[in-house]
Amino acid sequence: MSPLEPSSDEAALGAKLRLARKARGLSLAQVADATAISRSLLSLIETGRSDITIGRLNRLAQLYDIRVTDLVPEQRHADPIVVRADDRRHLRYRSEGVYVEVLVPEGPHTLQALLATFEPRAAMTDFVPQPHEQVVHLLQGHIRTEFADGRELELFAGDSATFVSGEKGHRHANLCDEVARMVVVFHRPAGR
């Protein structure tokens, strides 16, 4: 595939974002003003020609009043209780080197759980607000969590932390030259 061609994941995500924007009657300019994402980048994202960061996707989902998980591909074999290892819904944030898999099936669940894999030295660019308490458990690697209010914490394999990042948010960075993997559990936003 040419670097200029959209991947199927990026093209599908872009199409869903375009549909969500149009369903709300918003122009690219209005979305750009509301999210601080340039109009040209929004256009590239919607056409699948650019990757999106975790923070930007969260800002768009909040503006469109949808959950990020509403934007990921559906499971092939939907089950209200079990998510099979080979059927996890996922998002790849290429520019940040982060791959996120959804561990909880769709349905009336109150918790969301994600498996986040960070490439060596990968880091989230933007702070992501999380108004509810969340738990992170590091399966492998060495992760630093930075909070927009200046707090920091470091986790090593086997460590867990519980926190609320609040309106200003938090972001994670892999501090090692190997892959880092962590499970993140938080209150699932209500279906919209």
Any hit, segment 153-171, residues being in a loop (DSSP other than H, G, I, E, B), among the acidic types (Asp, Glu) and modelled with pLDDT under 95: no
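Yes or no, residue by residue, for (1) of a type outside the set (Ser, Thr, Tyr); (2) closer than 27 Å to Gly107 by Cβ:
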residue: His137; (1), (2): yes, yes
residue: Asp149; (1), (2): yes, no
residue: Thr162; (1), (2): no, yes
residue: Glu167; (1), (2): yes, no
residue: Ala173; (1), (2): yes, no
residue: Asp177; (1), (2): yes, no
Every pair of residues 6+ apart whose Cβ atoms lie under 9 Å, when the first sits in segment 100-128 and is outside the structural domain of His90 (by TED's automatic domain parsing) while the second is of a type outside the set (S, T, N, Q) and in a loop (DSSP other than H, G, I, E, B): none
Those residues of segment 27-56 which are free of Cβ contacts under 8 Å to residues at least 40 places away in the same chain and surrounded by 20 or more Cβ atoms within 10 Å (Cβ to Cβ), in sequence order: Val31, Ile37, Leu42, Ile45, Glu46
Among (1) farther than 22 Å from Gly169 by Cβ; (2) modelled with pLDDT of 90 or more; (3) not hydrophobic (A, V, I, L, M, F, W, C) - the single one Gln134 does not satisfy: (1)
Qualifying positions in segment 5-20 - out of contact with any helix residue (DSSP H, G or I) (no Cβ under 6 Å at 6 or more places or on another chain) and either at pLDDT 90 or above or surrounded by fewer than 16 Cβ atoms within 10 Å (Cβ to Cβ) (or both): Glu5, Ser7, Ser8, Ala11, Ala12, Ala15, Leu19
Residue in segment 38-54 that is among the basic types (Lys, Arg) and closer than 26 Å to Pro120 by Cα present: yes
The one condition in (1) in contact (Cβ under 8 Å) with a residue 40 or more places away in the chain; (2) under 24 Å from Ile37 (Cβ atoms); (3) surrounded by fewer than 18 Cβ atoms within 10 Å (Cβ to Cβ); (4) of a type outside the set (Ser, Thr, Tyr) that His170 fails to fulfil: (3)
Which numbered condition Asp51 misses (of (1) more than 27 Å from His172 (Cβ to Cβ); (2) assigned to a loop (DSSP other than H, G, I, E, B)): (1)
Test: residue in segment 92-108 that is small (Gly, Ala, Ser) and surrounded by 19 or more Cβ atoms within 10 Å (Cβ to Cβ): no
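Here is a yes/no grid of residues against (1) under 24 Å from Arg171 (Cα atoms); (2) outside any loop (DSSP other than H, G, I, E, B):
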site: Asp70; (1), (2): yes, yes
site: Glu74; (1), (2): no, no
site: Ile81; (1), (2): no, no
site: Arg92; (1), (2): yes, yes
site: Glu96; (1), (2): yes, no
site: Tyr99; (1), (2): yes, yes
site: Val104; (1), (2): yes, no
site: His109; (1), (2): no, no
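The values are calculated or read from the model by the stated rules, or taken from the named source; none is laboratory data. Quantities reported herein were computed from a predicted structural model and do not represent experimental measurements. Using ideal geometry, Cβ is built from the backbone for each residue, glycine included, and neighbour counts are taken over all protein chains shown.
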